[in-house]
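As structure tokens, the structure follows; a few thoughts come after it.
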């Protein structure tokens with residue numbers, strides 16, 4: 001270990017929703033750059049996971065449960081080297097479907113589903129950021145909230161609760177950028193469009209026809225932008241929502 005490594009702990013990322021798609025690509029991107037990645041999931045660390053960091057860098061937490069989320073924050077604090085958190089990426093989200101995978105609209109979504117979706121997609125991100133604000137402050141870290149193209153337009157597959165929770169998260173990003181920015185913590189958002197992951201809905205090919213770039217995005221294309229927002233390359237970017245959709249929103 002060099003003297004510089006002794007004086008400066010390895011940069012640490014806390015990532016929710018790491019098991020697949022964008023989250024999994026983000027783990028690989030940051031790990032390849034030498035970061036320590038602490039992951040959060042409802043499930044325990046899977047023994048067959050190819051990621052070598054292991055269970056010591058995994059926190060089991062149900063983000064739908066506020067008390068469990070608070071307990072996870074306390075556990076995270078004990079695992080941070082030097083009490084510093086360099087980046088928080090709020091990627092975990094749920095998008096419930098109706099019978100047969102149908103879209104849940106504003107009229108048909110049960111009240112308990114609205115509350116469940118907002119707890120995971122909206123309240124958990126601000127709970128984590130506020131709960132770890134001292135650790136983010138110490139590192140002058142960065143927060144990235146993952147919103148969605150569905151937060152700014154009605155989407156054929158994303159339900160009303162999911163879409164409105166993402167719109168709220170975009171507004172929250174601006175509020176956080178104003179408040180956290182005064183402590184040297186940058187807060188930004190990325191809004192992915194149609195990304196090639198295992199959870200794509202049938203019929204996505206019809207959407208691709210209307211995307212100017214005529215293709216789906218890849219999880220790594222999203223992870224690369226998340227990485228930039230957590231590094232010095234974006235040192236004066238604060239309160240932005242970056243659209244990653246091949247021009248689908250234009």
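No value in this document is a laboratory result; all are computed from the given coordinates. Values in this document were obtained by computation on a predicted structure and should not be read as measured data. Glycine also receives a Cβ, built like all others from the backbone with ideal geometry; neighbour counts cover every protein chain displayed.
Worth a mention:
- Test: residue in region 198-217 that is within 13 Å of residue 242 (Cβ to Cβ), in contact (Cβ under 8 Å) with a residue 60 or more places away in the chain and in contact with a helix residue (DSSP H, G or I) (Cβ under 9 Å, 6 or more places away or on another chain): no
- On the stretch given as region 58-97, residues that are surrounded by fewer than 21 Cβ atoms within 10 Å (Cβ to Cβ), within 15 Å of the chain's Cα centre (by Cα) and over 30 Å from residue 159 (Cβ atoms) total 0.
- Against the numbered list (1) in a helix (DSSP H, G or I); (2) under 23 Å from residue 11 (Cβ atoms); (3) in contact with a helix residue (DSSP H, G or I) (Cβ under 7 Å, 6 or more places away or on another chain), residue 189 comes up short only at (1).
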